[in-house]
Amino acid sequence: MKYSLEFTSNFIHPQHKLKFEYTEFPFWCDGCKEIGIGSKYKCSTCNYHFHKHCALPCASFVHPFYTKCCFQFLERPPGLVERYCNACLKRVSGFMYHCSSCGFDVHPCCANLPMVLDDGELKLELRSKMSAVCYTCGKKGIGIGWSYRSTCKKYNLHVACVKGMLVEARHDLYNCEGGTVKISSDTGIDEFKKLDTGLPSLKAILHNFHKNSMRMHT
C-alpha cells in the first residue's frame, strides 16, 4: 500500500483533504468503527480518523482463504440484519468487504491481516479456522473464525484477540519509548513501513495477556 502525506479521496471523504499521521495512542476509526493504532489518515476539519486500509480501500479483492469469493468494498453493511466479520466474528458496523455470492463479510483490517507474524523468536501463521482453545482468552470457538497458530503448535489465538493484543502492546511500547513520530515531507516512506510492521516480543505479550485473562476468570 502506498503512503501519501496528504490527499483528497473522491470516494471516502470528498469534502476535505485527509492528512497522514502516526499515533502511539489508540484511535477510533470513523470508517470501519474499530480501534486502531499507528498509521492513520485524519480530516482535521471534521475530526475524522481512518485506518490507512479504510482511507485507501481496494474496490474489490480475493482472499487466499476464499478463492471462489470476490469481496466488494462497501461503506455500510447491506440489508437490515446485523452482520458479523467472518474473520474476527465481531459485528460489522461500518466500512467492510462483502461477497454477495456467499454472504461472507470481512472488516478492512481483517482483510489486510498479515499471513505471518514473526518477531524473530516466535512465528504465528494465519489460518482460516480455530483448531484449539485460544491461549489468550481461554475460550474455545474451535472451527469458527480465523486464527493465528504458532509454528511450534503451542499457541492458538483468535484473530480478535491478536488484534486487541497488538494494539495494547504497541501502545505500551510507544509509551515506554516516549516519543511521537513527527511527520514531515522529509520523513522517509521506509520509516512508516518499519513502524507499522515492527513487532514487540510476541511471546512476552502472549504470556502477559494469558495471565491477565486467567486473573479475570478466577
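The values are calculated or read from the model by the stated rules, or taken from the named source; none is laboratory data. In this text, all values refer to a predicted model and were calculated from it rather than measured experimentally. Counting neighbours? That spans all protein chains shown, and the Cβs are built from the backbone with ideal geometry, glycine included.
The criterion of being surrounded by 15 or more Cβ atoms within 10 Å (Cβ to Cβ), assigned by TED's automatic domain parsing to the domain that holds Leu202, at pLDDT below 90 and at positive phi holds for Gly141.
Within the stretch 95-116, work out how many residues are under 14 Å from the mean Cα position of the chain (by Cα) and part of a loop (DSSP other than H, G, I, E, B). Result for the stretch 95-116: 6.
If you filter the stretch 136-154 down to residues that are of a type in the set (Ser, Thr, Tyr) and out of contact with any Ser or Thr (no Cβ under 9 Å at 6 or more places or on another chain), you find that the one that is nearest to Cys85 (Cα to Cα) is Tyr148. Can you tell me which residue within the stretch 31-83, out of those that are β-branched (Val, Ile, Thr) and within 15 Å of the chain's Cα centre (by Cα), is surrounded by the most Cβ atoms within 10 Å (Cβ to Cβ)? That would be Ile37.
Within the stretch 77-91, the residues that satisfy the criterion of being under 21 Å from Leu157 (Cβ atoms) and assigned to a strand (DSSP E or B) are Tyr84, Arg91. Looking across the stretch 101-138, just one residue is of a type in the set (Phe, Trp, Tyr) and either in the same structural domain as Phe65 (by TED's automatic domain parsing) or loosely packed, with under 15 Cβ neighbours inside 10 Å (or both), and that is Phe104.
Here is a yes/no grid of residues against (1) modelled with pLDDT under 90; (2) assigned by TED's automatic domain parsing to the domain that holds Val162; (3) within 25 Å of Cys161 (Cα to Cα); (4) out of contact with any Asp or Glu (no Cβ under 9 Å at 6 or more places or on another chain):
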site	(1), (2), (3), (4)
Met1	yes, no, yes, yes
Pro14	yes, no, no, yes
Glu21	yes, no, no, yes
Glu24	yes, no, yes, no
Ile35	no, no, yes, yes
Cys43	no, no, no, no
Cys46	no, no, no, no
Lys68	no, no, no, yes
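Find the residue count for the stretch 21-47, including only residues that are in contact with a helix residue (DSSP H, G or I) (Cβ under 8 Å, 6 or more places away or on another chain) and part of a strand (DSSP E or B). Total meeting the criteria: 11.
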